[in-house]
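Written out below as structure tokens is the structure these notes cover.
FYI, it's all coordinate maths here, none of it is from the lab. Predicted, not measured: the structure shown is a model, and the values here were computed from it. Here the Cβ positions follow ideal geometry from the backbone for every residue, glycine too, while neighbour counts run over all protein chains shown.
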């Protein structure tokens, strides 16, 4: 645990609290990190919200909400969990370990939230704020709507409605791999024509990748 505490810049007085934050429910103990995850989620929502409120004085509520949503989510917390090397420290069952649990974004994201919840309980809001803001500023080159909130499906829809008065269709054309590691292939159809295909670990991820490629193609066509 010493290396994790060093990465955090915080040493737990109550080591059991740290252990609980790192214990996945598969480990079959009388405790797990789900309650701390619930708490951490609320704390991080507040901290990031206040940070954005202070740093983006001219942004309206809609923009602030979108930027926060792009930071306070599974992808954002998974990124920070990997910075801390959290996967090495989580207590998992052998089955979950064999199922690549130490690299699962959902599991790492939950553990990160639980860890922040544990620090909040022991040291208060200010300490979590200090750690979280430091992690954000060190690991994001820029925090802005343009750099963070890249919803390619929305962008493509706006583009196709303006150009063709039509909404793109996303068609699942295939999936492969075992249940725990499925990969989906999605095609994006505009005016009956397939513009792009993409693979993703979820249907949503594949749709976003396909939308991104279709945007590039449409922009080149329009030049």
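The length gained on full extension between residue 6 and residue 205, counted as 0.36 nm times the residue separation minus their Cα-Cα distance, comes to 68.2 nm.
Summarising the strand pairing of the chain, around 95 percent of its internal DSSP beta bridges are antiparallel. Listed by Cβ neighbour count within 10 Å, with the fewest neighbours leading, 10, 120, 140 appear as 140, 10, 120.
Per-residue ellipticity at 222 nm from helix content only, as computed over the chain with -39500 (n - 2.57) for each DSSP H run of at least four residues, stands at -18500 deg cm²/dmol.
Determine, from the Cβ-Cβ distance of residue 45 and residue 165 and an R0 of 35 Å, the FRET efficiency 1/(1 + (r/R0)^6), rounded to the nearest 0.05. E(calc), rounded to 0.05, equals 0.35. When the P(r) of segment 152-222 is calculated, the portion above 15 Å amounts to 49% of the C-alpha pairs.
Averaging Cα coordinates gives a centre for segment 1-20 and one for segment 86-143; these two points are 12 Å apart. Spacing of the modelled spin labels on residue 98 and residue 219, each 7 Å from Cα toward Cβ, amounts to 4.6 nm.
Axis of helix 203-222 versus longest Cα principal axis of the chain: the two differ by about 40°, to the nearest ten degrees. Once the Cα atoms of helix 74-83 and of the chain are each reduced to a long axis, what angle between those two axes, in degrees from 0 to 90 to the nearest 10, is obtained? The answer is roughly 50 degrees.
Sorting 166, 37 from the fewest to the most surrounding beta carbons within 10 angstrom yields 166, 37. Protection proxy ranking, highest mean first, for peptides 52-63, 97-108: 97-108, 52-63, where packing is the per-residue count of other beta-carbon atoms within 10 Å, averaged. Any idea what angle helix 105-123 forms with the longest principal axis of the chain, computed on alpha-carbon atoms, 0 to 90 degrees, nearest 10? Between helix and principal axis, roughly 40 degrees.
Using R0 = 25 Å, the C-beta based FRET efficiency linking residue 155 and residue 56 works out to 0.75.
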